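Student: This structure is in structure tokens; I'll ask about it shortly.
Derivation of every value follows stated rules applied to the coordinates shown; laboratory data play no part. Just so it is clear, the structure is predicted and the values come from calculations on it, not from any experiment. With ideal geometry, Cβ positions are generated from the backbone for all residues, glycine too; neighbour counts draw on all protein chains shown.
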Amino acid sequence: MLGACRLDLAVMFRVESAHGCTVVTLKQTRLYAMGPRGLPDLPTTAGIRIEPLSELPLMLPSVPHGLRALVDEAFGRPCATLQPGAATLRLRGDDAALGQIGNAHALRPNLRVSLSGDECPRRRWPSAWG
């Protein structure tokens, strides 16, 4: 929508091409391993390494989160997922076990992306906006 000049500003988590856009990293958010309480071998402390998680049955959403409903449903089954910290805020204490990923490169960027300068010369702002 930015490229089509339908938006001037967006908060994104990944940018394929920044041509004509200004990208500013707002924050890096930690990822968490999440799964139902009692899932064998699910670490539940801060600073866990991501490598041991390869031994767990993991279910991950697709890039546009088209499988999100499946991930939510899967919490009733014995599997785990990796999600950013914001996704953990809605959980109640008994819903799931959490372990914060400690790898330095396992951070999800939160980016402010905006059109640069004259990228949309045909845009006409309402006169009340100046």
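Student: Can you tally the net charge around G85? Count Lys and Arg as +1, Asp and Glu as -1, for every other residue whose Cβ sits under 11 Å from the Cβ of G85.
Tutor: That sum, taken over residues with Cβ under 11 Å, equals +3.
Student: Hey, another quick one. Tabulate in residue order the Karplus-calculated ³J(HN,Hα) for region 32-46, using 6.51 cos²θ - 1.76 cosθ + 1.60 with θ = phi - 60°, rounded to whole Hz; enter x for Gly and Pro.
Tutor: Along region 32-46, the couplings run 10, 7, 10, x, x, 4, x, 5, x, 6, 7, x, 10, 10, 6 Hz.
Student: Here's another thing I want to ask about it. For a quick check: with amide H placed at 1.01 Å from N, whose amide H comes under 5 Å from A97's, ignoring anything fewer than 5 positions away on the same chain?
Tutor: Under 5 Å from the amide H of A97: G35, R37.
Student: What distance in nm separates the two pseudo spin-label positions at A106 and L89, each 7 Å out from Cα along the beta-carbon direction?
Tutor: 2.2
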